[in-house]
Structure formats: C-alpha cells, structure tokens
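Each value in this text was obtained by applying a stated rule to the coordinates, not by laboratory testing. Only a predicted model underlies this, so the values are computations on that prediction, with no experimental measurement involved. Here the Cβ positions follow ideal geometry from the backbone for every residue, glycine too, while neighbour counts run over all protein chains shown.
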Protein chains: 2
Amino acid sequence: MTSLTRRALLQASAFVATAAALPAHAAAPVATVQAPGVYRYSLGHYQLTALYDGVWQSPIDDNFIRNADAAAVDRELASAFLPPRVLPISFTALLVNTGAKLVLIDTGTAGQTADSAGALLDNLKAAGIAPGAIDTIVISHFHPDHIDGLKTKTGDKVFVNAEILVPEPEWAFWMDDGNQSRATGTLFRYFRNARRIFGDLAGEVRRFTPGAEVAPGIVSIAAFGHTPGHCAFAIHSGGHSMLAMSDTVRNPYLFARHPRWQPIFDMDGPQAVKARLAMLERAASDRMLVEAYHFPFPACGYIARNGDGYELVPAEWRPL
Amino acid sequence: MTSLTRRALLQASAFVATAAALPAHAAAPVATVQAPGVYRYSLGHYQLTALYDGVWQSPIDDNFIRNADAAAVDRELASAFLPPRVLPISFTALLVNTGAKLVLIDTGTAGQTADSAGALLDNLKAAGIAPGAIDTIVISHFHPDHIDGLKTKTGDKVFVNAEILVPEPEWAFWMDDGNQSRATGTLFRYFRNARRIFGDLAGEVRRFTPGAEVAPGIVSIAAFGHTPGHCAFAIHSGGHSMLAMSDTVRNPYLFARHPRWQPIFDMDGPQAVKARLAMLERAASDRMLVEAYHFPFPACGYIARNGDGYELVPAEWRPL
C-alpha cells in the first residue's frame, strides 16, 4: 500500500482532522487529541451522560490538608501511582436526560482553570447535543470550575435556552457585597468571578432551597461545608436512585479513604467532614450508584466501606 | 424553542444518527449506543489506543474456579458491586502506533461471542483508522474472542494489508489434527474455529518463538497455561516499558486478587498460575503500566500488592 493510500484511509474520519502532519518517515500519524470523554449509562428510565471537561494537575503544598501531613498525602498519591505533591483534579459534568428534559449538573471550567481542561462543549458536541438543547442547568456551588462554563470568555451565555438553578444559600453568600469586602486572595477572586458569571443574570436565575426537587426526580441535598451553600443531588427514576455527590467527595484516593481529612478547598472543614461522612455512609449502606464531579472519568461507581474510611469501586464501562 | 429546532440541534452530530426516533412527548431523544470505546495514551514515543469490543455477561457455575468455591467467587463479585453467578468478560484490543507502523494486538470477537460485543471495528473507525491501515496483527493465543476479528462472518479477511504474527506453539497445538481428534465440546469448537480463521492463511501467517521481538519495541513473553502457547507482550519505547498481559490476568477482582485461583478457562491451571504470579509480581515490582484484554475498559492501569494477591489500580483517564 502506498503511503498516499494509507493517508487517505487514515483520514477517513473526522477525528483525524486533528492528527499531526505526517513526518516524512512515518506512515501512521499520531493523534493529538484524546477520544471523546463521553460515557452513557442508565438509571431507571433516565439516561445519564458523563461529560469530561479535563484535568488540572494542581500543585499542593504542605498545608493542603489541614489535619494530615504531607507524607500521608504523598503515600496515598503513590498508592494511586501518582507523583508526590501534585493532585490531578479532573472535571466531569453530569447530563441527565429524563426523556422530556435535558438537565446539566455543573458546567465545566470553560478553559479558565487549566490549559488541560475546558473540553466540555467539545464532548457535549461529540455526544450529539448542542448547548441550545439543554433545558435546565443545576449548579452545585459557585466555585469557578463549576460555573465558568455558563459563559464564554467574552461574557456570552453558552446554554441560551436553559433555565439556571442555584442553591439559595450559595447565591446569598457569594453575591453579598459585605462578604466580598471581607475576602482576600483566592477567595476574593471567587467572589469577583461569581459576579462575572451571575451579575447580569440575577433576574433569570432561579434559586432553590437545599432539599428541594430541582427537576423531575432530581432532589438537591444540603451538603454544606465545602462552600456555605454547596449541594449534592439524589436522582431517582423507575425505582432506582443514585447520588451525584458534587464536591462532597473529591479525589477518591484521598477523600473516600480519608473522609475526615480537611483540605483547604473546604471552607468549613468540620462541616464538610460531616457532610462527607453522611454522604459516603448513605452510598455504602444502600450500595447506591454514585458519581462525583472530581472523580476520575467517567466519574461513576460505588462506595465500599474500607477500615475507617471508604473506597471508590469504579463502575465498569458497558455498552448501552 | 420548537421541537423541530431542538431536533435539528440534536442531530448535529453523527452520533445521533443512532438515537431513537422521538416519541411524541419527549423533547430529548435518548441515545441508543454507547460513546466510542476509544482511549489514547502514551508510552515513550509510542501512542497506544485501547479499542473496546464489548462485554459478554458470562454465566458461571459452581465449577468455574477449580480450587475455590462458588461463595468465594460471589463474594468477590459482590465486592465489585456485581451480581452473583455472572462474570462480565469485557474485551479490549490494544493498538500500538510506533510512529512508523500500526500494530494491533488481538482482534476482538467480531460479534461471535455475545450480542453485546463486536464493536472493535466501529471503535477503530471512531479512532480514525481504517482496517486496511493496520500493518501488523499480533495474536496472543487462539481462543475465538482474540482471533475472530481477523475475518468477517463470511470468511473475508478484515485487515487486508496486515501481516499476521502468531505464537509458534499456539499454531502447533491448535492446527494439529491429532490434538483436534482428541478434543470434545467447547475445546473441539475452538479447534474448528482456529481452522476457520487460519486454515487458508497458513502461507501468510508468520509464526514467532515466544520471547521474540514481534514488532519494533514489542517483545513477546511466554505465558503458557491459559493455552499451550499463550503469549503476553512487553512494549518498550523511549526508555519506558509496559506489559500487555493478554489473558495472563483476566477479571482483576477475581484473578489479580486471587492469582492462584484456577479458572476452567485456563487449560493448564498450575502452569497458568505460575505465569500469572510472575507477570503480576513483575508489574508490581517495577510499578509498570499494564493493560490486559479482559480488564474493564480502557483496560490499563497499575498492579499493587495486596495481601496474598494484587490489586488493579486503574489509570486515570487523561487528555493527551
């Protein structure tokens, strides 16, 4: 086969539009982008789609966990075959298709957290869904990596037909000028960012009381501590239930195994621990399907008890 | 937004060509196929692509493990949140792009093992690669789920430009008429199937001695026991190495945790145990990246020691 023929064959699919130019010696171009980060699964009559946004390799310092030392953190990273002092923080949003509505829980980073994240819209497209087809956006909390996807970098709304639902106490905290005036550093940036995203949407955003049903079968759960109004969600369909844990449990090697660890990400450490323990114990007791925004893609699985803590058992990739 | 507009938006991508027809009440069509089972990763200068073929939900009986009872097997299945008496056997082939050559290790089931498997060619296409672009096919052993992808159901070659390499002792065993004449049941079917696939290719197939380098940087490893000539592969590029373990280690919850278990799949149980222990210990000692044909997709990760056995630590999904 001539290399020209081979090239034609290899370029048969759209994926390969992104392949590197062929070096003179190489017959087989190397792909430069990952395959779509899209994974579909079912819950009763609902179809769930995990949509990968990417990962941030976050450097961590000795104070990353308020109540554990750096060596203990590095041991857990090593147990996951990860290098020390760097935490991979991946981002996976959850799309719920109720059959009548498309509900997106959290919105990705819009490329504003790390260069290696921001793929949510590409993956939504790969899943065959345009942003304009989303009916409802439910926000767990106002950290930038969960809300930045609502707008383009130039400030345009991305999900032009979607109603946006946010936890009332989250809105109350982050949109309060007094709270902002007392904030410094990263926290101040989060306040400013919340205003960038929501400042001109006050009339459109619907605020819900934690505990309320936010969409058919999707019930919010107060899971405060990570932020003052942080919510998780229980999803129910056809007699089946799952937990979308949001940031109640983040990296499983660190925070499912050590639910009492208090990372600096959690604004109220002890309150977040209480929410985390309750969530993990509920998942383990009921052997529920769970997903979480920062679990490794496709970010779904089960929670097993393990000593003083818990372990994520990833769900096995399946055909539909 | 009218449902017509929504429909147009939703049909923007090729994926949705497979979506169900819209029921009258539903605005959001439910996808009927999984997203592509394609995952790319790197080893030195090589690009690896995990290509998912599907899964067979295999009923298992009390004799499935020769030296463990059914209750012990069901306990491990439960630990993986799987129902008793059914083993999900997933199939993932590995494509190695050396930059100059495309080498495919094993070929999927071609839909002949289970209705829920046979997607390898679809996923190869989703990865932007035509079957005719494959330069080399390396076969680990002659069980149908590894070789059936070489031909269509009607007997045509699928990878029309590929050289096919098989382990010499595997060829010698399965193509021997005396051995076939002594076989019954499933084993007899495997003999017949090996002839269906290879009978008219004897002049084309290149047989290698286990231990030989079968392609640049891909070195075969004798791992006999599962079948008489079963091979695994070490892959080396740019100072990095990984193990493609083939069927040396199958379902990780059963056989990484209990490497001494002897499933009826292994023709020579004790010999397979020896190969499995050696492979797992090598992976754990050297903290090597591994993949295996029957691991859950994307079928790659690391092996950690765990008590008397080992544990698969799945690699985290990453952008390229």
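Observations, loosely collected:
- The mean sequence distance of close C-alpha pairs (under 8 Å, at least 6 residues apart), as a share of the length of the range A:14-166, puts its relative contact order at 20 percent.
- When A:Thr186 is represented by a point 7 angstrom out along its Cα-to-C-beta vector, the spacings to that point in the other copies are 5.3 nm, nearest first.
- In this structure the amide hydrogen of A:Val86, modeled in the peptide plane, comes within under 5 Å of the amide hydrogens of A:Ile60, none closer than 5 places in sequence on its chain.
- Based on C-alpha pairs under 8 angstrom that are at least 6 apart in sequence, chain A has a relative contact order of 15 percent.
- Nearest-ten-degree value, helix A:185-198 long axis tilted from longest Cα axis of chain A: 70 degrees
- Under the Karplus curve 6.51 cos²θ - 1.76 cosθ + 1.60, θ = phi - 60°, whole-Hz ³J(HN,Hα) for the range A:142-155, x wherever Gly or Pro sits: 9, 4, x, 5, 9, 10, 4, x, 5, 10, 6, 4, 8, x
- Scaled against the 2.2 N^0.38 Å expected of a compact globular protein of N residues, the Cα radius of gyration of chain A reads 1.04.
- In this structure the amide hydrogen of B:Phe208, modeled in the peptide plane, comes within under 5 Å of the amide hydrogens of B:Val166, B:Glu168, none closer than 5 places in sequence on its chain.
- The lysines within cross-link reach of A:Lys274, meaning a Cα-to-Cα straight distance under 27 Å and a gap of 8 or more places when in the same chain, come to none at all.
- Distant-in-sequence amide H partners of B:Asp53 (H built 1.01 Å from N, under 5 Å): B:Phe91, B:Thr92, B:Ala93
- Between 0 and 90°, nearest 10: helix A:269-285 axis offset from chain A longest Cα axis: 70 degrees
- Likely footprinting exposure, A:Met245, A:Met279, A:Met288, A:Met175, fewest C-beta neighbours within 10 Å first: A:Met288, A:Met175, A:Met279, A:Met245
- Excluding same-chain neighbours fewer than eight residues apart, the lysines reachable from B:Lys125 by a Cα-Cα span under 29 Å are A:Lys125, B:Lys101, B:Lys151, B:Lys153, B:Lys157.
- Shielding by partners, peptide A:130-136 (average Cβ within 10 angstrom, other chains): 5
- Look at the Cα gyration tensor of the range B:157-278: its axes a ≥ b ≥ c give a/c of at least 1.5 with a/b at or below b/c, and that counts as oblate.
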